[in-house]
Amino acid sequence: MGKILCSTGALIGRPNGRNYHLLSECIGMLQCDGYELMFYDTWYPEADDLIQYLKKIKLPIYAWHCEKTIGQDIALGTEDALKRAREQFRINCELASALHVPKMVMHVWDGQASDQNFDRHLAALEWLYGIAKGYGINLLAENVVCSKMDPITRLHQIADAYPDASFTWDTKMAAFHGQMESVDRLMNQRLWKEKRILHLHVNDYAGGYKDWNHLKTLHIGQGRIDLAAFFSFLRAAGYTADFTLEGTSFDRNGTIHFDEINKDVLWIRQHWL
């Protein structure tokens, strides 16, 4: 079985000032095996301090979530935007490498542009993979929600263009597009059959098909996804990699509710072991 991780994005966000120093409070409070570090765009000026702090508290980080505006810059496609995207992606890889993090989750497309300019994202992956490989990092494109096509179609296009590509599967993102409805359909998906899904984001979804008003990241059991059936599918598919829990665990005042994540950890252990 892979590790059960908690996304730091589930613990720190705008209500608590994206204050990464709060992560020291999480050690000993959470029953997960480690963390996926969500890197925010406001952290670039203090990136060196962030790394030193994470080393000091010895936070076990096994996955790095690349900063999300990079995909938006790629969609813009201007010379300045692409230059900024390259530099910021390189910084993400450098920081992850400094902490010996082996894999990076990325929203290759994101934001208002979403996948409207997918050809630009597909082309950019050549240098994205190249930079990541140079730092010894496995870049895993995520099945991010789409406004033009759908995530499985987009991941298949990446797989066709880059035969060595592997991916992250997010349950909420898939459910948004109706791509968690049938376990049998998942079993026939080539990405699962070829074992190219090497990381999982586990969260729930309460909306309907492409319901943009219900994209909040929920804890297990707060939505309508049949995650028990999905975990049975994972066992049948031979999945052995890591899980990241992403259910938002801070309130409007920024207070972190550790019990919510711990319930998710317990659920996974009960349904997986």
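The values are calculated or read from the model by the stated rules, or taken from the named source; none is laboratory data. None of the values given here were measured: they were computed from a predicted structure. Methodologically, a virtual Cβ is constructed for each residue, glycine included, from the backbone with ideal geometry; neighbour enumeration extends over all protein chains shown. Note: accessible area is taken over every heavy atom of the protein model, side chains too, but ligands, DNA and RNA are not part of it. Shrake-Rupley method; radii C 1.70, N 1.55, O 1.52, S 1.80 Å.
Key figures for this structure:
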item	result
Free-standing Cys residues across the chain, given no other cysteine C-beta under 4.7 angstrom	Cys26, Cys66, Cys93, Cys146
The chain: calculated mean residue ellipticity at 222 nm from DSSP helix runs of at least 4, using -39500 (n - 2.57)	-12000 deg cm²/dmol
Asp164-Arg235 pseudo-label distance in nm [points 7 Å out on the Cα-to-Cβ vector]	3.5 nm
Zone of Met29's modelled label, taken as backbone nitrogen in the range 42-79 under 17 Å from a point 7 Å along Cα→Cβ	54, 57-60
Efficiency of FRET from Cβ geometry, Glu194 and Phe258, R₀ 35 Å, rounded to 0.05	0.40
Accessible area of the chain divided out per residue, in Å², using a probe of 1.4 angstrom	44 Å²
Estimated FRET transfer efficiency (Arg90, Ala228; beta-carbon r; R0 41 Å; 0.05)	0.50
The range 148-225-the range 1-79 distance, computed between alpha-carbon centres (Å)	22 Å
The range 71-159: C-alpha gyration tensor shape, a/c 1.5 cut-off, then a/b vs b/c	oblate
Whole-number percent relative contact order across the chain, with pairs defined as alpha carbons under 8 Å at least 6 apart	21 percent
Listed residues Gly223, Gly71, Gly247, most fluctuating in the chain (Gaussian network, C-alpha, under 10 Å)	Gly223
Solvent accessible area, Å² - His177, 1.4 Å probe, full protein context	10 Å²
Fraction of accessible area attributable to carbon and sulfur, the range 46-153 (%, probe 1.4 Å)	48 percent
Cα gyration tensor shape for the range 110-167, rounded if a/c is under 1.5, else prolate or oblate	prolate
Rounded accessible area of Glu181 (nearest 10 Å², 1.4 Å probe)	110 Å²
Cα gyration tensor, the chain - rounded (a/c under 1.5), prolate or oblate	rounded
